[in-house]
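The values are calculated or read from the model by the stated rules, or taken from the named source; none is laboratory data. As the structure is a prediction and not an experimental result, all values here were calculated from the model. Virtual Cβ from ideal backbone geometry, glycine too; neighbours counted across all protein chains shown. We work out accessible area using only protein heavy atoms, side chains counted, and drop any ligands, DNA or RNA first. Shrake-Rupley method; radii C 1.70, N 1.55, O 1.52, S 1.80 Å.
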Amino acid sequence: MSNNNEQRKTYYESIIKQGYSRRDFMKFSTYMAAFMGLENSMVGQIAQSLEKTPRLPVIWEHYQECTCCSESFIRSNHPIVADIILDKISLDYTLTLMAASGHQAEAAKQETMKKYHGEYILCVEGSIPMGDDGNYCCIAGKSAKDAFLEAAEGAKAIIAWGSCASNGCVQAAKPNPTGATPIHKIVKNKPIIRVPGCPPIGEVMAGIIVHVVAFGRLPKLDRLGRPKAFYAKRVHDSCYRRPYYDAGLFAETFDDQNAKNGYCLYKLGCKGPMTYNSCGTIKWNNGVSYPIQSGHGCIGCSEEDFWDNGPFYERTTKMPGFAVESNADTVGKVAAGVLAGGIAVHAIAANISKRKELMDRINRGKDNEKNIES
């Protein structure tokens, strides 16, 4: 380990060499601490770790996907974040961005796996097709399945970028002809961080790498293996349209006056109330906007099986509930007298609705299977 470290520049050395100032470096450390939800006192620890830690060897694999995760990463808000993938980590292998190709590319990958066995981070973008023994996706004469298992064997930890690697995404949608499988269902003996989204936010991706570098361990994960710093709250909880939802003010169509007034998009199929992500706080394109702010409902792209969770433009439930079908005046007149009872009724109605929706999905799935077989 020590011999390898001596040959690799630290993050700070690389950043300074690229022309950034000490001030830029400290701004970056503060920036990442804020995105990771850390206190100001942790900025110094992040900066110190980046000053002393040799660059992390990284192998970035691409399987069944569209490369949107890499595209998101390199278009991140902060210039140093964008440079992480290109310069600041030792990106030894990535099919999308590396200059080498063919035998040279594969040789670089094999050298990293051998030289830094047990030290490198394996980033995976895309699902693994397990059907037909993995032959639906082959790279350099190997199936994606075999290439992934080989790279995973010597990895210190694995990061599943995007919904394809985390959940299977559109490739795993019914009837899933290639047997597209998320990586956590294939490898069980390695620490895995799942970073769902189609794609994930670039700053989220950078924050996870910086956390591993700065603290030498994985960030705190929820029960699904997602970083709590970025996936602990629903999109609904940070949505600027939430007050309209609570007041019972909804857009009925995408071009009506309510939509123009910025009312809630729940009736138009927005999945924000059941989707966990930080879109509403970090946003996209230098913090300019995110889908709901641009007038389109959340499609729940960071949740499992979102392609099979019903139509994008139909509301999740047709059961009326408190402050959902009511308008602000009605809520104001009755809220004081029926709040406790209304909450109880709403809870019961929600459970009935969920069960009905689940049975509808099961029946739709059975019908689809019959149609496929016929």
Inset, instruction - Quick one: compute the contact order of segment 233-317, relative version, from alpha carbon pairs under 8 angstrom and 6+ residues apart, as a percent. - result: 32
Legend entry - Cross-link table Lys267/Lys356; Lys27/Lys190; Lys109/Lys156; Lys156/Lys188; Lys188/Lys356, entries beyond 24 Å C-alpha to C-alpha: Lys27/Lys190; Lys188/Lys356
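With the cut-off at 1.5 for a/c, could you classify segment 55-231 from its C-alpha gyration tensor as rounded, prolate or oblate?
Numbers: a/c = 1.42, a/b = 1.12, b/c = 1.27.
Because its axes are fairly even, with a/c under 1.5, segment 55-231 counts as rounded.
Just to make sure I understand: if all protein chains stay in place, what is the order of Tyr63, Tyr240, Tyr245 by accessible area at 1.4 Å, largest first? Could the numbers behind the result be given before it?
Values: Tyr63 15, Tyr240 105, Tyr245 40 Å².
In descending accessible area the options line up as Tyr240, Tyr245, Tyr63.
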Legend entry - Unit charges on C-beta of K, R, D, E only; dipole of segment 55-231, Debye: 700
Legend entry - Amide H contacts of Cys123 (H built 1.01 Å from N, under 5 Å, at least 5 apart or other chain): Ile59, Trp60, Glu61, Ile159
Inset, instruction - With label points built 7 Å along Cα→Cβ from the Cα atoms of Asp360 and Asp246, find their separation and express it in nm. - result: 2.8
Inset, instruction - Rounding to the nearest 20 debye, state how big the charge dipole of segment 233-317 is about its Cα centre with +1 on each Lys and Arg Cβ and -1 on each Asp and Glu Cβ. - result: 340
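Compare His184, His211, His117 by solvent-accessible area with a 1.4 Å probe and give them largest first, with all protein chains kept in place. Before the final figure, lay out the partial values.
Values: His184 45, His211 25, His117 100 Å².
I get His117, His184, His211, largest accessible area first.
Between Arg8 and Asn40, what FRET efficiency follows from the Cβ-Cβ distance if R0 is 30 Å, with the result rounded to 0.05? Don't skip to the end; give the middle numbers.
Details: r = 30 Å, r/R0 = 0.99.
With R0 = 30 Å, the Cβ-Cβ based efficiency is 0.50.
Residues of segment 233-317: accessible area per residue at 1.4 Å, in Å²?
Details: 4070 Å² over 85 residues.
Accessible surface, normalised per residue, equals 48 Å².
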Inset, instruction - Return an integer: the convex hull volume of the alpha-carbon atoms of segment 233-317, in Å³ per residue. - result: 91
Inset, instruction - Taking 7 Å along the Cα-to-C-beta vector as the label spot, tell me the Lys156-Lys190 distance in nanometres, rounded to one decimal. - result: 1.4
Inset, instruction - Provide the gained length on full extension for the span Ala140 to Lys52, in nm with one decimal, where the gain is 0.36 nm per separating residue minus the Cα-Cα distance. - result: 28.0 nm
